[in-house]
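The values are calculated or read from the model by the stated rules, or taken from the named source; none is laboratory data. In this text, all values refer to a predicted model and were calculated from it rather than measured experimentally. Quick reminder, even Gly has a Cβ in these numbers, built from the backbone with ideal geometry, and neighbours come from all protein chains shown. Side chains are part of the model used for accessible areas, which takes the heavy atoms of the whole protein and leaves out ligands, DNA and RNA. Shrake-Rupley method; radii C 1.70, N 1.55, O 1.52, S 1.80 Å.
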Amino acid sequence: MSNTAFLFPGQGSQAVGMASMLAQNSMLARDILSEVDNALEFKLSILMAKGPAEELQLTQNAQPALFASSICTLRVLQEQTGKTISELCSYVAGHSLGEYSALCAAGSLGIAETARLLHLRGKSMQQAVPV
């Protein structure tokens, strides 16, 4: 058994351009970003790719964006290696919102439902601590 763990990042790791190279080079990444866009009913993928940074930094956007980028990275890795998550690692974990990415990576949550959960979580956090 592998001692490898995948750790998913929390808020603060977001940046304009995140997942852009993956989306340019992988239909799978584009499909995942499209699924997230459809679940949220707005084009988060465009905000991730082009900004503005101030809007991406808002908690309600940053959290689902980091999740989308993390899952795109994982799924493209799986596609490129031909390995399942359990063949790539033995453990998944995350810091703060990264816990949701880990749950999705492990198959406990779907992409669309995780995106919606994180958008709602981010909105609630944003309202609790306004800009």
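If you go through segment 104-131 and keep only what is under 23 Å from Arg75 (Cβ atoms), in a helix (DSSP H, G or I) and touching a helix residue (DSSP H, G or I) at 6+ places or on another chain (Cβ under 7 Å), you end up with Cys104, Ala105, Ile111, Ala112, Thr114, Ala115, Arg116, Leu117, Leu118, His119, Arg121, Gly122. Please work out if Ser96 is under 21 Å from Phe6 (Cα atoms), in contact with a Phe, Trp or Tyr (Cβ under 8 Å, 6 or more places away or on another chain) and either in a helix (DSSP H, G or I) or in contact (Cβ under 8 Å) with a residue 60 or more places away in the chain (or both). When the stated conditions are applied, Ser96 does not pass them.
This table checks each residue for (1) at pLDDT 95 or above; (2) of a type outside the set (A, V, I, L, M, F, W, C).
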| site | (1), (2) |
| --- | --- |
| Lys83 | yes, yes |
| Glu87 | yes, yes |
| Tyr91 | yes, yes |
| Tyr100 | yes, yes |
| Leu103 | yes, no |
| Ser108 | yes, yes |
| Ala115 | yes, no |
| Leu120 | yes, no |
| Val129 | no, no |
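When segment 110-125 is filtered for residues that are surrounded by fewer than 18 Cβ atoms within 10 Å (Cβ to Cβ) and closer than 19 Å to Phe6 by Cα, only Gly110 remains. Every listed requirement among (1) free of Cβ contacts under 8 Å to residues at least 60 places away in the same chain; (2) closer than 14 Å to Thr114 by Cα; (3) open to solvent by 50 Å² or more (accessible area, probe 1.4 Å) is met by Asn38 save one, (1). For segment 5-35, a tally of residues being modelled with pLDDT under 95 and exposed (fewer than 15 other Cβ atoms within 10 Å of the Cβ) returns 1.
I need every pair where a residue in segment 112-127 that is touching a residue at least 60 places away in the same chain (Cβ under 8 Å) and over 19 Å from Ala29 (Cβ atoms) has its Cβ under 8 Å from the Cβ of a residue that is open to solvent by 20 Å² or more (accessible area, probe 1.4 Å) and not in a helix (DSSP H, G or I), sequence separation at least 6 or different chains. Between residues of segment 112-127 that are touching a residue at least 60 places away in the same chain (Cβ under 8 Å) and over 19 Å from Ala29 (Cβ atoms) and residues that are open to solvent by 20 Å² or more (accessible area, probe 1.4 Å) and not in a helix (DSSP H, G or I), the close pairs are Gly122/Leu58; Gln126/Leu58. Of the residues examined, Thr73 is one that is polar (S, T, N, Q) and in contact with a Leu (Cβ under 8 Å, 6 or more places away or on another chain). All conditions but one from (1) touching a residue at least 12 places away in the same chain (Cβ under 8 Å); (2) within 18 Å of Phe8 (Cβ to Cβ) apply to Gly51; the one that does not is (2).
Any chance segment 71-90 includes a residue that's without any contact (Cβ under 8 Å) to a residue 12 or more places away in the chain, crowded, with 16+ Cβ neighbours inside 10 Å and assigned to a helix (DSSP H, G or I)? Among the residues of segment 71-90, at least one is without any contact (Cβ under 8 Å) to a residue 12 or more places away in the chain, crowded, with 16+ Cβ neighbours inside 10 Å and assigned to a helix (DSSP H, G or I), which makes the answer yes. Within segment 48-66, track down each residue that is hydrophobic (A, V, I, L, M, F, W, C) and open to solvent by less than 10 Å² (accessible area, probe 1.4 Å). Correct list: Met48, Leu56, Ala62, Ala65, Leu66.
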